[in-house]
């Protein structure tokens, strides 16, 4: 049994954990950095259009305001999908931060050649990219990989299309060109028009990994390709035969489909299902930096993005913030009896804990979610016997083994929370019940290996 911590001990532990995982939230830049040369670019960000079109500039604006700069404005760059956020410091000197949004892959190339200090990415760094950047440090470490928001790939149609749901397998067949008429999917007949992001896009990389490659398909050559998320969405909403994929804030006038993966139920890209990463096409949005964070503006922006004010900007920008909230869940017939009891008596929190690939260790997001969860439990007076952890896993030949492994995952989370003096009402392992992804690929198995948090 864990030792009960005093209030002061618990607060000290929370502050220490928050500092180690998130850094000091109120990081004040030194005067020598604020007193930049006129027109100097103090920070260069390159990469994802999903981040760079709206969220990145908004976070930069918020940081500049927090640092006390004035006359903040966004200027269009010399090239499409590039922006400069310009401000004036107390000395009247003008400085700027550049944001170039040409696709996630370009961000890692820019880190490699020194033309950027931060890479914005709408997908995790690839092994090959991490290897190429090894001289800068371990880009997969929690010091370098910063999850700043959550997003969901929305599958969008023209608003008049009556179709409501598809499986990821059907999506793969559609975007591979194997299903070419809407009548094959139960909709009114007509040729299917494909709209996709360009090859440099992290949005396309995510779609390729979760949909196409997972079903051994490649994108049809006749798909129309776009660098801009907004342009793609607007084109789909004007074409009655269109289908496309886009980040959550860019649905605009189009219609979003519910998506199923494997044995999961069809799910719409709702904020709650994306916050828990249960939605099959949910994804994380990243900033990658050198672990040493040599550029003070890069350090300040990373810490600001993790802060409550930064996460409020994430939400205002149309993405999903990582704040912990309680949610009421409605019971459905496929839920196990113990889970149905939870839906009647308790509330689920909007955070899932997941693990590093092939490991029992919590992943980078889970480590950063620990102080967020503990802060919530403390504020809501739920530290003592109010918490239930529910572990899940992927399918195993031995059902008992699957249930045991899922409970061990929940126990791993329990160990971390117990260090802050949290005591638990119950620890449950439900094995391969209620899958949120297909179990025939690594990504799906990782999604299914999760721990939910419920509170009474």
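The values are calculated or read from the model by the stated rules, or taken from the named source; none is laboratory data. Remember, it's a predicted structure, so these values are computed and weren't measured experimentally. Because the Cβ atoms are built from the backbone with ideal geometry, glycine has one as well, and the counts that use them run over all protein chains shown.
Here 405, 374 are screened, and the one residue that is over 22 Å from the mean Cα position of the chain (by Cα), crowded, with 20+ Cβ neighbours inside 10 Å and part of a helix (DSSP H, G or I) is 405. Within the stretch 347-370, the set of residues being over 23 Å from residue 286 (Cα atoms) and either out of contact with any strand residue (DSSP E or B) (no Cβ under 9 Å at 6 or more places or on another chain) or crowded, with 20+ Cβ neighbours inside 10 Å (or both) comprises just one member, 348.
Taking the criterion of being over 13 Å from residue 451 (Cβ atoms) and in contact with a helix residue (DSSP H, G or I) (Cβ under 8 Å, 6 or more places away or on another chain), the residues of the stretch 399-430 that qualify are 419, 420, 421, 422. For residue 251, the conditions (1) out of contact with any strand residue (DSSP E or B) (no Cβ under 8 Å at 6 or more places or on another chain); (2) under 20 Å from residue 52 (Cα atoms) are fulfilled apart from (1).
Residues in the stretch 105-123 that are part of a loop (DSSP other than H, G, I, E, B) and either in the same structural domain as residue 201 (by TED's automatic domain parsing) or surrounded by 22 or more Cβ atoms within 10 Å (Cβ to Cβ) (or both): 116, 117, 122, 123.
Considering only the stretch 88-122, how many residues are in contact with a helix residue (DSSP H, G or I) (Cβ under 9 Å, 6 or more places away or on another chain) and at positive phi?
Applying the first criterion (in contact with a helix residue (DSSP H, G or I) (Cβ under 9 Å, 6 or more places away or on another chain)) to the stretch 88-122 yields 89-91, 93, 95, 97, 99-105, 107-109, 111-112, 115-122.
From the residues that got through so far, the ones that are at positive phi too are 103.
Residues meeting the conditions: 1.
Within the option set 172, 187, 214, 176, being surrounded by 16 or more Cβ atoms within 10 Å (Cβ to Cβ), closer than 27 Å to residue 51 by Cβ and at pLDDT 95 or above holds for one residue only, 172. Here residue 396 meets each of (1) touching a helix residue (DSSP H, G or I) at 6+ places or on another chain (Cβ under 9 Å); (2) surrounded by fewer than 18 Cβ atoms within 10 Å (Cβ to Cβ); (3) over 14 Å from residue 432 (Cβ atoms) with one exception, condition (3). Residue 334 falls short on exactly one of the conditions (1) assigned by TED's automatic domain parsing to the domain that holds residue 415; (2) under 27 Å from residue 415 (Cβ atoms); (3) modelled with pLDDT under 95, and that condition is (2).
Screening residue 385 with (1) modelled with pLDDT of 90 or more; (2) on the phi < 0 side of the Ramachandran plot; (3) not in a loop (DSSP other than H, G, I, E, B) gives one miss only, at (2).
Screening residue 250 against (1) surrounded by 15 or more Cβ atoms within 10 Å (Cβ to Cβ); (2) more than 18 Å from residue 167 (Cα to Cα); (3) modelled with pLDDT of 95 or more leaves a single unmet condition, (3). Residue selection: residue 263 fails the criterion of being touching a strand residue (DSSP E or B) at 6+ places or on another chain (Cβ under 9 Å) and either modelled with pLDDT of 95 or more or more than 18 Å from residue 372 (Cα to Cα) (or both). Looking only at residues of the stretch 61-73 that are out of contact with any helix residue (DSSP H, G or I) (no Cβ under 7 Å at 6 or more places or on another chain) and not in a strand (DSSP E or B), we find that the one that is nearest to residue 99 (Cα to Cα) is 61. For the stretch 126-163, residues that are free of Cβ contacts under 8 Å to residues at least 40 places away in the same chain and assigned by TED's automatic domain parsing to the domain that holds residue 250 total 1.
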